[in-house]
Amino acid sequence: MNQPLRLGVAGLGTVGASVARILARNGEAIAAKAGREIVLAGACARDRSRDRGVDLSRVAWHDDPVALARDPGIDCVVELIGGEEGAARACVEAALAAGKPVVTANKALLARHGLALARLAEERGVALAFEASSAGGVPVVKALREALAGNRVRRVYGILNGTCNYILSRMEAEGLSFAECLADAQRLGYAEADPTFDVEGFDTAHKLSILTSLAFGVALDSEAIYVEGISKIAPLDLAMAKELGYRVKLLGVAERTKTGIEQRVHPTMVPRTSAIAQVMGVTNAVTIDADAVGELTLIGPGAGGEATASAVIADIVDVAAGHVRPAFGMPAGRLERLERAPMQRHEGGYYIRLSVFDRPGSAAGIATRMAQGDISLESIIQHRARSADVDPTGRSGTPVPVVLITYATTEAAIREALARIHADGLVAEPPQVIRIERD
């Protein structure tokens, strides 16, 4: 019988405690799959006295995660502290330097330092595993790195943040404002007290940078990602999306284009008939479009202690079985430099909501500016002012919403046309722009 794999877990919060509980609950079955017993031998956490629902009396405690990583009684380090710097980075670097495999769920750390950590792991001949980093319990990392190794990926995109998906789902279903749904998400524990990292798209961007590297064999470059959040989405936009046959989702998208690899995070209108449009609540979904397999969509829980711990334990089993693979699918030195596709060259359809002064010539002026940019309009929807606000000439002085749906055009053309419309004094406030993914 092989010697047990002795784990050291740095961070016993929601995910770390769930890892400990699953190991205690399913240890025999996990050992059978791994080919050896897996034991929790060491831990590092701020509060030793907290009840985590599992017996930790035999676990060696450390106050310093670096000391845990260097402990000769630890064979594999599981980093669940979080954050791109500080204790998390020091712990992972110390473990790899000591020749110990690392399992982590830390997307921020990987997005910023993943390439350097992958090189260090290769130098020491150990695994750097991170299935839980990109979509919680959804096994997208293994799918891209292993199951689809024979494919050339064209595009990978998905719902990578459960908080945003929950907020948009509630806004659509109940006609609530962003602020109302955010407050409810915070009350239920789906959103942090400071939700900026989630709702402004940065969490999704970190995850997307990891998936981009795996999908396209390129070095991570989180700075290349165009990022917009959902805080400016209004109930009217969701109602209009429904009327037009779409649903709004915050998507992370990476795809090959003629100008390079495009990476973008932003609210997106997707056809209501598409698989990804059916994903509601805190669920995550990732679609991979590749040459051999076609289109594959993985859907599941993107957060939560048990779901994320499930992915962590999958990596631990691989380590126990002796599997050592390049972290990003190929040796770090063979990852290509990412050729950034400028967002200004993005091509696609657009939803544009303008707050237009209801006066003679406004509509014609908008149409003229769009035509000057070679932007073809698929439809125009105008909500007239209330009759009480309309003067005898049939016009009102108050702004009215006008929605434009364009055929495929470029980001640069849209931005230039909107800047001219603003300069002409035709609109009362900045426009709402939502990109459309039609396939």
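Throughout, read-outs are computed from the coordinates displayed, never taken from laboratory work. Bear in mind the structure is a predicted one, so any value in this text is a computation, not a measurement. Heads up, the Cβs are rebuilt from the backbone with ideal geometry, glycines too, and the neighbour counts pull from every protein chain shown.
Annotation for segment 253-313: trypsin sites (Lys or Arg not before Pro) lying in DSSP loop with at most 12 further Cβ atoms inside 10 Å of their Cβ are 258. In a simple Cβ point-charge model (Lys, Arg +1; Asp, Glu -1; nothing else charged), segment 5-135 has a dipole of about 180 debye relative to its Cα centre. Taking 0.36 nm per residue of sequence separation and removing the Cα-Cα distance, the residue 325/residue 33 pair yields an extension gain of 103.3 nm. Taking all Cα pairs closer than 8 Å and separated by 6 or more residues, the relative contact order of the chain comes to 16 percent. Between helix 162-174 and the chain there is an angle of about 40 degrees, using the helix long axis and the longest principal axis of the Cα atoms.
For residue 49 and residue 407, the difference between the fully extended length at 0.36 nm per residue and the C-alpha to C-alpha distance is 122.8 nm. Counting only residues at least eight positions apart within a chain, or on another chain, the aspartates and glutamates with an alpha carbon under 12 Å from that of residue 232 are 200. Taking 7 Å steps out from each Cα toward its Cβ at residue 398 and residue 344 produces label points 3.9 nm apart. Pairs exceeding 21 Å between alpha-carbon atoms, taken from 207/249; 142/207; 207/242: 207/242. Looking at segment 113-202, the trypsin sites (Lys or Arg not before Pro) that sit in a DSSP loop and have at most 15 other Cβ atoms within 10 Å of their own Cβ are 152.
If a spin label sat at a point 7 angstrom from the Cα of residue 187 along the line to its beta carbon, the backbone N atoms of segment 132-168 nearer than 20 Å would be those of 163-168.
Taken along the Cα-to-beta-carbon direction at a fixed 7 Å, the label points for residue 152 and residue 179 span 5.1 nm.
The stretch between residue 368 and residue 334 holds 7.3 nm of extra length on full extension. This uses 0.36 nm per residue minus the Cα-Cα distance.
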